[in-house]
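Everything on this sheet refers to the single structure shown next.
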């Protein structure tokens with residue numbers, strides 16, 4: 001999806017008219033139409049304003065990522081003083097196998113909470129199923145409480 005399509009979709013999904021967006025950006029309605037139809041692209045200042053207005057990242061608008069949240073979301077504290085950015089950096093340092101294991105674990109936790117994890121990105125529209133490891137011997141089977 002190109003910039004114009006993303007801009008149009010964000011605007012329509014939020015019930016915003018071209019006239020309202022044009023007033024916010026101090027441009028004409030025709031300029032908004034040109035952005036949405038791919039005739040013109042906004043300058044950096046306007047791109048930044050659009051990202052702030054819609055609370056998305058500029059990278060999302062430019063189709064560099066499917067991650068829609070603004071970059072300031074990475075400073076959100078999640079647990080035990082770890083921010084989303086801290087956790088992302090830790091994940092990036094993991095081995096590929098550890099990352100796959102983490103996705104399985106997150107899928108299990110999400111299912112326990114009654115949720116289903118969404119696809120990770122547009123190219124990975126597959127279901128990740130958590131399968132607990134099988135006990136190697138009858139001695140390893142946990143007792144029922």
Assess whether residue 35 counts as being at negative phi and part of a loop (DSSP other than H, G, I, E, B). no
Filter region 38-64 down to the residues that are free of Cβ contacts under 8 Å to residues at least 40 places away in the same chain and in a helix (DSSP H, G or I) and list them by number. 44, 45, 46, 47, 48, 49, 51, 52, 53, 58, 59
Residues being part of a loop (DSSP other than H, G, I, E, B), touching a helix residue (DSSP H, G or I) at 6+ places or on another chain (Cβ under 6 Å) and surrounded by 13 or more Cβ atoms within 10 Å (Cβ to Cβ): count how many of those fall in region 66-97. 1
Can you confirm whether region 9-18 contains a residue that is part of a helix (DSSP H, G or I), over 22 Å from the mean Cα position of the chain (by Cα) and either surrounded by 16 or more Cβ atoms within 10 Å (Cβ to Cβ) or at pLDDT 95 or above (or both)? yes
If you go through region 83-100 one residue at a time, do you hit one that is at pLDDT below 90 and over 19 Å from the mean Cα position of the chain (by Cα)? no
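The values are calculated or read from the model by the stated rules, or taken from the named source; none is laboratory data. Keep in mind that what you see is a predicted model, and the values were worked out from it rather than measured. Cβ: placed from backbone, ideal geometry, glycine included. Neighbour counts: every protein chain shown.
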